[in-house]
Amino acid sequence: MPRFSGKTVIITGSSNGIGRSAALLFAQDGANVTITGRNAERLEETRQLILKSGVSESHLNSVVADVTTSGGQDLLVKSTLDKFGKIHILVNNAGAAVADATGATGTDQSIDVYHKTLQLNLQAVIEMTKKVKPHLMETKGEIVNVSSIVAGPQAQPDFMYYAIAKAALDQYTRSTAIDLIQHGIRVNSVSPGVVATGFTNAMGMPDQASQKFYNFMAAHKECIPALVAGQPEDIANIILFLADRKLSSYIIGQSIVADGGSTLVMGCQVHDIKQMMGL
Ligand code: NDP
């Protein structure tokens, strides 16, 4: 029997990248999956990808929603319960390094960017966790958060708001893990390094600049010692591992780093990011 048979998973940010890959793997492994994002076209691509892999329509719930809004969060929870009856796993994956429209980085980034960044990468996770908690208490379920190696301990001067949001998320993971384990709910996270997804596009980088960035990183061992950018599946497989109580039941409140060795060297900060993208 598939390992997630009879389990229901909500994966935020599954219209692209890591979330899309996790949605596909969960669905192929028997789960009922709620996929979601704001972009209806890309969300439909995820849905088609899953259906084409042989998963029945009855295992899918596709919801266009903004996870930073209360209405969007409520719709995710309600539509999942309406279609599948229970919630066993919440994957808080939606996230982005919100770029300043003026191109400003570091301390010059606006307070508006700060608010939007924190709202998406931290507050939405907190709100979704609170809303899904009673349902996970019922099922003794799991939460997997998607953090980032930018959380620290190294400094992140260019996109510091994104980095502090992820650092706070790591503390939230640890603290909720201890708060919720008394109810049988397990919380963990994964911290990816450079992964080739829509992440740089979402920051406003054109495809060509994004490709240059990934190529540069993969060509420099001081950036990624493994000399390869991660693929969405590299992270999605860890999400499934952390959501699988049979395999990871004794892991509580931890973050698994998957970064091709980047955090052990962190040499890429000596390079100018705009120069490497040819901007
Ligand atoms: P993508 O840009 O490919 O995917 C991000 C997903 O988040 C999309 O499905 C997007 O959907 C969704 N999203 C963004 N904002 C919102 C919103 N307001 N409401 C609902 N959904 C939203 O990037 P990744 O797959 O790389 O990112 C996934 C996670 O991985 C993020 O938390 C990111 O911080 C983290 N990460 C990524 C790394 C990388 O190198 N790629 C490195 C470290 C961490 P839509 O646009 O349709 O709303």
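Every number in this text was worked out from the coordinates using simple rules, so none of it is lab data. Small disclaimer: the values here were computed from a predicted structure and weren't measured. Virtual Cβ from ideal backbone geometry, glycine too; neighbours counted across all protein chains shown.
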Quick calc, segment 18-90, dipole around Cα centre from Cβ unit charges on Lys, Arg (+) and Asp, Glu (-), nearest 20 debye, gives 80
With Cα springs under 10 Å, the Gaussian network model of the chain assigns the largest mean-square fluctuation among 215, 92, 16 to 215
So the pair-distance distribution of segment 1-121, from every Cα-Cα distance in 10 Å bins, comes to percents of 14, 42, 27, 12, 5, 0
Given pairs 52/131; 131/246; 116/212; 52/86; 83/131; 7/133 and cut-off 23 Å on Cα-Cα distance, the over-length ones are 52/131; 131/246; 116/212; 52/86
Answer check: segment 120-163, Cα atoms, Kirkwood Rh, Rg/Rh ratio of 1.14
Quick note on 185, 256, ordering by fewest other C-beta atoms within 10 Å, gives 256, 185
With -39,500 (n - 2.57) per DSSP H segment of 4 or more residues and division by the full residue count of the chain, the 222 nm estimate, nearest 500 deg cm²/dmol, is -13500 deg cm²/dmol
Length gained, residue 139-residue 115, 0.36 nm per residue minus C-alpha separation, equals 5.3 nm
For 93-101, 18-26, ranked highest to lowest by mean beta-carbon neighbours within 10 Å, the order is 18-26, 93-101
Relative to the chain, whose Cα atoms define the longest principal axis, helix 17-28 and its Cα axis are tilted in degrees, nearest 10, by 30
Computed from every Cα-Cα pair in segment 187-266, P(r) in 5 Å bins starting at 0 and rounded to whole percents is 3, 15, 21, 19, 18, 12, 7, 3, 1
The size of the Cβ-based charge dipole (Lys, Arg +1; Asp, Glu -1) of the chain about the Cα centre, to the nearest 20 debye, is 760
About its Cα centre, segment 51-102 carries a charge dipole, from +1 on Lys and Arg Cβ atoms and -1 on Asp and Glu Cβ atoms, whose size in debye to the nearest 20 is 260
Per-residue Cβ contact counts at 10 Å, fewest first, order 169, 180 as 180, 169
Comparing 34, 107, 139 in a Gaussian network model of the chain (Cα, 10 Å), the one with the largest mean-square fluctuation is 107
Final fewest-first order of 160, 1 on the 10 Å Cβ neighbour count is 1, 160
